[in-house]
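Working notes for the structure below.
The values are calculated or read from the model by the stated rules, or taken from the named source; none is laboratory data. This one's a predicted model, so the numbers in the text were calculated from it and none came from an experiment. So basically every Cβ, Gly included, is an ideal-geometry build from the backbone, and we count neighbours across all protein chains shown. Keep in mind that these areas ignore ligands, DNA and RNA; they rest on the heavy atoms of the full protein, side chains included. Shrake-Rupley method; radii C 1.70, N 1.55, O 1.52, S 1.80 Å.
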Amino acid sequence: MTTVRVAYVVASVLLSGVAMVAAGAEFSVFAAGSLRAPLADLAQRFARNSMCLLTGARTHATTASAFDAMIDPAVKLGTSTPKADPSGDYAWEVFHKAEALGPGAFATLTAKARQLTGGPQSPPATGSAYGAFIAAGDADMFLTYCTYAELARQENPQLRVVRLPADLVVAADYGIAARKDAAAAATAFVDYLRGPAGRRVFAAYGFDPP
């Protein structure tokens, strides 16, 4: 059986991953967590992640009321850490978009955001961690990847995943490519991920189609 080596480079370790490839690391398939990345111009989109709100019982936010809920001074808003984790950077992009909906919103949101994950001393970004922050009262809602929010909801059905309104949507496209000289199994793997069966798997974990 042919072994397909997969260099999966998520945005948080993208530069080191690209450096490994440039240094001659063997791989058959390259997948990037952002199409802004080096080598991503060679990749084809295969999935999209977006930012969502994970909420607990203390807030009743909906897509329509997401903006008001986030800027509400009584609502504790958790995020990851910008400049240390892409999820935090994307959260700040949401805050920039919020400024167009209400002048001063960016300053309000950046001041109140509790950077609970993504930092050097933070716990790993897992569904359990987000649910624990909400259960402990450290956050009433968490602005994170829809995929992370969905994992948290699956672990605790009392949590809710709230999609952002169109004016606040920030998404990350993921790309994948097989080397030109890769074995047929590598190309088949890429085709599977980009095909209907692969998309069904991604959808079950909160990803959007590309």
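Within region 95-145, being within 15 Å of residue 53 (Cα to Cα) and of a type in the set (Phe, Trp, Tyr) holds for 95, 130, 133, 142, 145.
For region 53-75, the set of residues classified as open to solvent by 10 Å² or more (accessible area, probe 1.4 Å), of a type outside the set (Gly, Ala, Ser) and not in a loop (DSSP other than H, G, I, E, B) consists of 67, 68, 71, listed by residue number. Here residue 28 meets the list (1) open to solvent by less than 60 Å² (accessible area, probe 1.4 Å); (2) at pLDDT below 60; (3) farther than 20 Å from residue 146 by Cβ almost entirely, failing just condition (2). For region 179-210, residues that are hydroxyl-bearing (Ser, Thr, Tyr) and either in contact with an Asp or Glu (Cβ under 9 Å, 6 or more places away or on another chain) or surrounded by fewer than 16 Cβ atoms within 10 Å (Cβ to Cβ) (or both) total 2.
Confirm whether residue 150 is touching a helix residue (DSSP H, G or I) at 6+ places or on another chain (Cβ under 9 Å) and closer than 21 Å to residue 62 by Cα. Yes.
A single member of 138, 191 is modelled with pLDDT of 90 or more, over 30 Å from residue 28 (Cβ atoms) and out of contact with any helix residue (DSSP H, G or I) (no Cβ under 7 Å at 6 or more places or on another chain), and it is 138.
When the residues of region 76-101 are narrowed to those that are in contact with a Phe, Trp or Tyr (Cβ under 6 Å, 6 or more places away or on another chain) and outside any helix (DSSP H, G or I), which ends up surrounded by the most Cβ atoms within 10 Å (Cβ to Cβ)? Per the criteria, the residue is 78. The residues of region 146-161 that are within 11 Å of residue 50 (Cα to Cα) and touching a Ser or Thr at 6+ places or on another chain (Cβ under 6 Å) amount to a single one, 146.
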